[in-house]
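The structure appears right after this line, and notes come after that.
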Amino acid sequence: MAAFAAILRKDLRLELRSGESTVALLAISLLILVVMVFALDASRARGAESAAGALWVALVFSGMLGATRALLAERDNNCIRGLLLSPIEPSTLYAAKLAAAFIFMAIAEIGSVILMVLFFNLNFDITLIRLAPILALGTLGFAALATLLAAISNRTRMGDLLLPILAVPIFVPALIAGVKASASALGGTPESAIAEWLKILIAFDVLFVTAGYLLFEYVVRED
Amino acid sequence: MSSMVRKGLGYLSLALMFVAIFMVFDWVPTEAEQGIAQRIFYFHVPCAWVAFAAFGIVALAGILYLWLGERMWDDLGYAAAEIGMVFCTLVLLTGSLWAKPIWGVWWTWDSRLTTTFILWLMYGGYLLLRSSADDSPQVARFAAVVGIVAALDVPVVIVSVRLWRTIHPAVLITKTGEHGLEDPRMVVALLVSLAAFTIFFVWLLTLRFAQLRARTRLHRMGQEIALAEMRAGDR
């Protein structure tokens, strides 16, 4: 636990001093939302469903870059080797990197939600609170998947190009559940309609956090 | 597996394939509702079965590789993934050909189609990963991890896609009578096709597996020779 806290604290301090990841993430989210407004024909396609769709496109593609920042930072100066040589379990390292990625993504998403409300003419009201658990679960699942797969992709020839190719298809069930649940939450449908989708998100999170925790060791090991 | 057995498997699958083709085109009665188009069913279903079995083998081989660390399991996973990808493509193609006359479209986001397509994407990623990195134990571990993660995802994909489609039902002709194999001859033809495709798959798998094993051995021999030459040079 101490090791986990130490790595996470280090990553957060780095981020506080430079602000690189979160600013880049926010900028990309902003641009994706702008693109979505034009792509969905701003005069017509307003409302809950397109807003939810745009929000999740922003989450996936900004997350692709952002969730991996915490891990990629260790590649410079071969810091990852130092971490692996220290008496820290690889699974602890995974948990810390996952937590950092989750925090970066969450900050960017708060920004995205505000922009979404403005761009898609929604209201700042109680429905946004209902988005919170959905986004938190989706972000956790995505960060879990991306942290594991980024450790793979950044050591292949294709590099970061490979990450979306591996991650997006696997993320599809959480994406479907997240978009549907968000649209229902924003559209004001009763809580019971969302419960089914939340269950899928929870199952996805449990599965991939566990898988990442157990499999990370095989991915970072050097030989 | 000895080459005699493998040859036998090859001939057996060839013979069974001819029997299956004869049954599908000449022997089996035409389905009442869908007409002649339904006959693609006898190839479509075995392809799907082989694709899913192959991807099951990929995941299993991945687990065994991480657990036991023997190169053999990695070769098996690679061979199964390649063949599974071919059959998964065939499922999508034959499904598309079947869908056009029956549903009126080449593609629809029906739950089973979507699941198969996502599976195809995941294993496409797996093969890209394999081709984008050099042949090393490291890549074998990466591939094993991706194979396991993809297999873990399959049940979640199935559940989520089904839920997704029941909320927004397709406005198309539904799949009525697809599984109503009213004539016993249809069942027999399907079983023969399944057997033919399964044996064909096993034959392909053993062939590719033996080839990859040979490649691994060759690679290792090359390393040993290089090492020996280096040592001789030092002396």
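Given the condition polar (S, T, N, Q), closer than 14 Å to A:Ala183 by Cα, open to solvent by less than 50 Å² (accessible area, probe 1.4 Å) and in a helix (DSSP H, G or I), answer yes or no: does some residue in segment A:124-141 qualify? Yes - at least one qualifying residue is present in segment A:124-141. Within segment A:142-168, the only residue that satisfies the criterion of being within 17 Å of A:Ile200 (Cα to Cα) and open to solvent by 10 Å² or more (accessible area, probe 1.4 Å) is A:Val168. Which residues, counting only those in segment A:194-223, are within 9 Å of chain B (Cβ to nearest Cβ), without any contact (Cβ under 8 Å) to a residue 60 or more places away in the chain and among the small types (Gly, Ala, Ser)? Hit for segment A:194-223 is A:Ala203, nothing else.
Just to be sure I understand the filter: pairs with C-beta atoms under 9 Å, separated by 6 or more residues or on different chains, first member in segment B:91-103 and on the phi < 0 side of the Ramachandran plot and free of Cβ contacts under 8 Å to residues at least 40 places away in the same chain, second member among the small types (Gly, Ala, Ser) and surrounded by 15 or more Cβ atoms within 10 Å (Cβ to Cβ). Which pairs pass? Qualifying pairs under 9 Å: B:Lys100/B:Ala37. Only one entry in B:Phe55, B:Phe22, B:Phe87 is open to solvent by less than 30 Å² (accessible area, probe 1.4 Å), out of contact with any Leu (no Cβ under 9 Å at 6 or more places or on another chain) and either assigned to a helix (DSSP H, G or I) or at pLDDT 85 or above (or both), namely B:Phe87. All conditions but one from (1) open to solvent by 40 Å² or more (accessible area, probe 1.4 Å); (2) in a helix (DSSP H, G or I); (3) aromatic (Phe, Trp, Tyr) apply to B:Tyr65; the one that does not is (1). Residues considered: B:Val105, B:Val91, B:Val139. Of these, the only one that is among the β-branched types (Val, Ile, Thr) and in contact with a Ser or Thr (Cβ under 7 Å, 6 or more places away or on another chain) is B:Val91. When residues in segment B:97-110 are screened for being open to solvent by less than 30 Å² (accessible area, probe 1.4 Å) and of a type outside the set (Phe, Trp, Tyr), 2 of them pass. Regarding segment A:167-174, can at least one residue be identified that is more than 9 Å from chain B (Cβ to nearest Cβ) and out of contact with any Phe, Trp or Tyr (no Cβ under 6 Å at 6 or more places or on another chain)? No; the residues of segment A:167-174 include none that is more than 9 Å from chain B (Cβ to nearest Cβ) and out of contact with any Phe, Trp or Tyr (no Cβ under 6 Å at 6 or more places or on another chain). The set of residues in segment A:19-35 being open to solvent by less than 60 Å² (accessible area, probe 1.4 Å), of a type in the set (A, V, I, L, M, F, W, C) and touching a residue at least 24 places away in the same chain (Cβ under 8 Å) consists of A:Ala24, A:Leu25, A:Ile28, A:Ile32, A:Leu33, A:Val34. If only residues of segment B:132-148 that are in a helix (DSSP H, G or I), modelled with pLDDT under 85 and open to solvent by 10 Å² or more (accessible area, probe 1.4 Å) are counted, the one that is nearest to B:Gly69 (Cα to Cα) is B:Pro137. Within segment B:127-150, the set of residues being more than 8 Å from chain A (Cβ to nearest Cβ), within 27 Å of B:Gly95 (Cα to Cα) and touching a Gly at 6+ places or on another chain (Cβ under 9 Å) comprises B:Gly147 only. Residues considered: A:Leu162, A:Leu148. Of these, the only one that is within 8 Å of another protein chain (Cβ to nearest Cβ), of a type outside the set (Val, Ile, Thr) and under 19 Å from A:Ile103 (Cβ atoms) is A:Leu148. Screening A:Leu16 with (1) open to solvent by 60 Å² or more (accessible area, probe 1.4 Å); (2) under 18 Å from A:Leu122 (Cα atoms) gives one miss only, at (2).
A:Ile110 passes every criterion in (1) farther than 19 Å from A:Val209 by Cβ; (2) away from chain B (no Cβ under 14 Å); (3) more than 13 Å from the chain's Cα centre (by Cα) apart from (3).
For segment B:111-126, the set of residues classified as small (Gly, Ala, Ser) and either open to solvent by 10 Å² or more (accessible area, probe 1.4 Å) or more than 7 Å from every other protein chain (Cβ to nearest Cβ) (or both) consists of B:Ser111, B:Gly124, listed by residue number.
The values are calculated or read from the model by the stated rules, or taken from the named source; none is laboratory data. No experiment lies behind these values; they were computed from the predicted model shown. Using ideal geometry, Cβ is built from the backbone for each residue, glycine included, and neighbour counts are taken over all protein chains shown. Areas reflect the complete protein model, heavy atoms only, side chains present, ligands, DNA and RNA absent. Shrake-Rupley method; radii C 1.70, N 1.55, O 1.52, S 1.80 Å.
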